[in-house]
Structure formats: structure tokens, C-alpha cells
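The values are calculated or read from the model by the stated rules, or taken from the named source; none is laboratory data. If you're wondering where the values come from, they're calculated on a predicted model, not measured in any experiment. Backbone-built Cβ (ideal geometry, glycine too); neighbour counts: all protein chains shown.
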Amino acid sequence: MQKLKRSLLSIRLLNKRSRNMHIVCLLPYLMECYLHIRQAAEKLYIHRNTLIYRLKKIKQDTGYDPQISQDAVSLRLAVWIYRTLR
């Protein structure tokens with residue numbers, strides 16, 4: 001529960017900065033593609049390296065690595081809660 005609170009807080013803080021808005025938009029596509037970077041990049045219409053850069057940025061800002069399934073699920077759940085409460 002503490003980990004979820006931290007990820008939710010991280011997403012809330014990131015969402016306030018427009019340059020990091022990609023966390024809320026990017027994660028659903030990544031999860032939909034079962035963490036396959038190439039497929040997610042194609043669905044997002046961005047270059048694969050851009051997606052990798054953004055994933056590294058998410059990891060740096062939140063402490064969660066979206067490429068690790070457990071962290072990705074925590075982040076996705078936090079995004080879902082954030083969108084529901086918003």
C-alpha cells in the first residue's frame with residue numbers, strides 16, 4: 001500500500017509538469033502491448049528510441065521501472081486511480 005501511495009503521488013506530481021505528462025498517456029499502451037517497446041512505439045506513433053527515453057525518464061522521476069512487470073502494474077494501477085479520482 002505504501003508503494004502504491006508513493007507511485008500515485010509521483011504521478012500526481014509529474015502530471016503537474018506538462019513536459020512529463022507522457023506518463024499518464026504512455027503506460028496504458030505499454031501495458032496493452034505486454035511491455036513490448038517496439039509494438040507500443042508503433043501504437044503511439046513515436047520512434048522506439050523516444051519511447052525508451054521516456055521510460056527512462058519515468059524511472060528517474062518515480063523510482064519505478066515501467067519495463068519491470070511488477071513496477072509497471074503498480075504504475076498502471078496508480079494511473080487508473082489517478083484518472084478515476086480526477
* Structure fact -> Taking segment 35-67 and keeping only residues that are within 13 Å of residue 25 (Cα to Cα) and in contact with a Cys (Cβ under 6 Å, 6 or more places away or on another chain), one is left with 40
* Note down all Cβ pairs under 6 Å where the first residue falls in segment 16-45 and is modelled with pLDDT of 90 or more, the second is among the hydrophobic types (A, V, I, L, M, F, W, C) and not in a helix (DSSP H, G or I), and they're at least six residues apart or on different chains. => 39/33; 40/33
* To do: Output the residues belonging to segment 46-81 that are of a type in the set (Val, Ile, Thr), assigned to a helix (DSSP H, G or I) and at pLDDT 90 or above.
  => 50, 52
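What about residue 34, is it among the aromatic types (Phe, Trp, Tyr) and surrounded by 13 or more Cβ atoms within 10 Å (Cβ to Cβ)?
Values: among the aromatic types (Phe, Trp, Tyr): yes; surrounded by 13 or more Cβ atoms within 10 Å (Cβ to Cβ): no.
Answer is no for this residue.
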